[in-house]
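The structure under discussion appears below in the form of structure tokens.
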Amino acid sequence: MSREEAYHLTLDAIAKMQWNVAMILEAKAAEAEKVRNWLCTHITNDTYEGHSDQLSTCLQVNEQNLEIIDGLTKLCNGLSRNMKVIINPDTDDGDNMASMFGGMDGDRDK
């Protein structure tokens, strides 16, 4: 497999991963809307004895969403670094990408 073919396959895989990330975010947005509606209906002043209890419940729900968003952000940053290396292989980072494919510089003639 030539270097160009390997880069093409990598870009194709990155595009598919980006699509899946978009689907995850869409599903999380729908879930967040349901949670918001539930919280607005069920979390009232009468539900909890103190304001701190009410606040901690809401913070727990939001913390879960933030963890998911943080994980997806880290994934997207990694994909972005890979795309930068593929698009601009002349930089020093290009050597790192070539090593991911097993140092294919000598395989160009095949």
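Here, each number is a calculation from the coordinates, and none is a lab measurement. This one's a predicted model, so the numbers in the text were calculated from it and none came from an experiment. So basically every Cβ, Gly included, is an ideal-geometry build from the backbone, and we count neighbours across all protein chains shown.
So, R0 is 30 Å and r is the distance between the beta-carbons of residue 31 and residue 9; what FRET efficiency does that work out to, to 0.05?
0.35
Find the all-direction average of the projected area of the Cα convex hull for segment 3-88, expressing the result in square nanometres with one decimal place.
Details: hull surface 26.1 nm².
Approximately 6.5 nm², given one-decimal rounding.
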